[in-house]
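Remarks on the structure that follows.
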Amino acid sequence: MGIKSLIQMAVTLAILAVSTGKLPLILKEVRKAQLVLLEESKASRW
């Protein structure tokens, strides 16, 4: 998947989130996922 496809998908999702009023919920879930990834990356050995 190219960067253009990712950008188009992100823009589409952002527009849908704003238009349906779900943006705060989505941002909260993204933050939780980021914290999980951060914790997992700390636990792994390089």
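For a label point 7 angstrom out from the Cα of Leu37 toward its Cβ, which stretches of region 4-29 have the backbone nitrogen within less than 17 Å?
Within reach of a label on Leu37, which here means backbone N under 17 Å from a point 7 Å along Cα→Cβ, region 4-29 contributes 4-11, 13-14, 26-29.
Estimate the FRET efficiency between Leu27 and Ser5 by the formula 1/(1 + (r/R0)^6), using the beta-carbon distance for r and 22 Å for R0, to the nearest 0.05. Don't skip to the answer; put the middle values down first.
On the way: r = 22 Å, r/R0 = 1.01.
Given R0 = 22 Å and the Cβ-Cβ separation, E is 0.50.
Using the crude model of +1 on Lys and Arg Cβ and -1 on Asp and Glu Cβ, and no other charge, please compute the dipole size for the chain relative to its Cα centre, in debye to 20.
Working: 7 positive and 3 negative charges, 11 e Å.
Once rounded to the nearest 20, the dipole reads 60 debye.
For the chain, compute Rg over Rh where Rg is the Cα radius of gyration and Rh is the Kirkwood radius from the inverse mean 1/r over Cα pairs. Don't jump to the answer; show the numbers that get you there.
Values: Rg = 14.1 Å, Rh = 12.4 Å.
Radius of gyration relative to Kirkwood radius: 1.14.
Within 10 Å, at most 14 other Cβ atoms, and a DSSP state outside H, G, I, E, B define an exposed site. Report the longest part of the chain free of exposed trypsin sites (Lys or Arg not before Pro).
Result, exposed sites excluded: 23-44.
FYI, it's all coordinate maths here, none of it is from the lab. Bear in mind that the values here come from a model prediction, so they are computed numbers and not experimental data. Cβ: placed from backbone, ideal geometry, glycine included. Neighbour counts: every protein chain shown.
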